[in-house]
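For reference, the structure discussed in these notes is given below.
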Amino acid sequence: MPLFYWAVQYIFDNSNVRFPDRVLPFFYGFLAAIPIVLLQWALDVYFPLQWNPLGIFMYCFFNKEGFIIYPLLLLLFFTFKKKSYNGIPLRELTAWFCGYYFMFSLSESLILDGAMTPFGAVLNPLIRLFTLMILSTLLVRALHEAISKKKYLYTSLYFLAPVVLNFLPVFHLINNSILFYLMFFLIGILSVVLYLLESRGKIS
């Protein structure tokens, strides 16, 4: 996550941008994740796996890549909705998401047992990168879209995106490699394209 955030700096205009303005949002995201991680550890919440379509979906949503992002989604939505500034919201949101996921990655490295699987070592980090690019783009659109219908559409997609992306761990868990990799590559391409378009102000 830190390397990704460092790399995306080159697609933004960094003239007149102070170094703290680029670094602090990353640490804000990191700090925002700490109470969520501690709450998970304290409650030891575990949603049991039931081998039916709904049970598998709910298991992945609560134990994998769905629920953990919603506290940050709500925090960013209400924080940036009230915020007035002349910076680059896409970069700042990216920093928040990167810091948030970085903290979760550190916590997972402390509690995971056994050998790391290819999904945990490579695919899941990539899914998180795709997720943060999509969510950053959707939130910028939701907050800055002038047309009310589009604003509501982007806001709905922003909060629904983790539900849709939850099908990735579902397909992986049920060993449906065809659907998993098809969705993986489609979401990957879509996230990169939308993010680059938004960074250049070409989404309207």
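No value in this document is a laboratory result; all are computed from the given coordinates. Because the structure is predicted, anything quoted here is derived from the model rather than measured. Glycine gets a Cβ as well: all are built from the backbone with ideal geometry, and neighbour counts include every protein chain shown.
For THR117, the stated conditions do not hold, so it cannot be described as surrounded by 13 or more Cβ atoms within 10 Å (Cβ to Cβ) and either within 22 Å of VAL17 (Cα to Cα) or out of contact with any Gly (no Cβ under 7 Å at 6 or more places or on another chain) (or both).
Quick check on my filter: what residues within segment 1-26 are of a type in the set (Val, Ile, Thr) and part of a loop (DSSP other than H, G, I, E, B)? Walk me through it before giving the result.
Initially, segment 1-26 is screened for residues of a type in the set (Val, Ile, Thr), giving 8, 11, 17, 23.
Residue satisfying the conditions is VAL17 alone.
Here LEU196 fits the description: touching a Lys or Arg at 6+ places or on another chain (Cβ under 9 Å) and within 23 Å of ARG141 (Cα to Cα). Inside segment 181-201, residues that are surrounded by 13 or more Cβ atoms within 10 Å (Cβ to Cβ) and closer than 12 Å to LEU126 by Cβ make up a count of 6.
Listed by position, the helices (runs of 4 or more DSSP H) contained in segment 91-204 that have at least 3 residues being more than 30 Å from ILE34 (Cα to Cα) are 148-165, 177-199.
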